[in-house]
Amino acid sequence: QVQLVESGGGLVQPGGSLRLSCAASGSIFRYNDMGWYRQAPGKEREWVATISAGGRTNSADAVKGRFTISRDNAKNTVYLQMNSLKPEDTAVYYCKLIQYGLQYWGQGTQVTVSS
């Protein structure tokens, strides 16, 4: 079994920054992909960014140049550095881990961008 715990969400003003963390525990294998998704009120969950076990990254156009995904394999932790935040970034942010074809989700952390 795999458990994912996100942290780092909160309230921030437009233009501000936040850093989200997601710590994985349990049966974690070396080769897995980790990523971030978000879901705003009344909208479907959308993909934000992904990072492979080898460190290859990809991100959605809406966050390119503002958000950076990274990981620490020794700590089984993935991060999302969010800069230049906008009100439209307000959402619950979820961490996902994929290994051997199975998907695991965290419980989510709220990010609110408002003045």
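The values are calculated or read from the model by the stated rules, or taken from the named source; none is laboratory data. Quick caveat, the model's predicted, so the values are computed rather than measured. Glycine gets a Cβ as well: all are built from the backbone with ideal geometry, and neighbour counts include every protein chain shown. In case anyone asks, the SASA skips ligands and DNA or RNA and just uses the protein heavy atoms, side chains included. Shrake-Rupley method; radii C 1.70, N 1.55, O 1.52, S 1.80 Å.
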Residues satisfying the stated conditions in segment 72-84, i.e. open to solvent by 40 Å² or more (accessible area, probe 1.4 Å) and either closer than 15 Å to Arg45 by Cα or at pLDDT 95 or above (or both): Gln81, Asn83, Ser84
Test: residue in segment 38-50 that is at pLDDT below 95 and open to solvent by less than 20 Å² (accessible area, probe 1.4 Å): no
Residues that are in a loop (DSSP other than H, G, I, E, B), in contact with a strand residue (DSSP E or B) (Cβ under 9 Å, 6 or more places away or on another chain) and open to solvent by 30 Å² or more (accessible area, probe 1.4 Å), drawn from segment 53-63: Gly55, Arg56, Ala62
Residue ID - nearest to Arg38 (Cα to Cα), chosen from residues in segment 85-115 that are surrounded by 14 or more Cβ atoms within 10 Å (Cβ to Cβ) and hydroxyl-bearing (Ser, Thr, Tyr): Tyr93
Residue count, segment 22-52 (criterion: in a strand (DSSP E or B), over 12 Å from Leu97 (Cβ atoms) and touching an Asp or Glu at 6+ places or on another chain (Cβ under 9 Å)): 2
Failed item, numbered, when Arg30 is tested on (1) in contact (Cβ under 8 Å) with a residue 60 or more places away in the chain; (2) open to solvent by 60 Å² or more (accessible area, probe 1.4 Å): (1)
Segment 78-101: number of residues that are within 25 Å of Arg30 (Cα to Cα) and either assigned to a loop (DSSP other than H, G, I, E, B) or free of Cβ contacts under 8 Å to residues at least 24 places away in the same chain (or both): 2
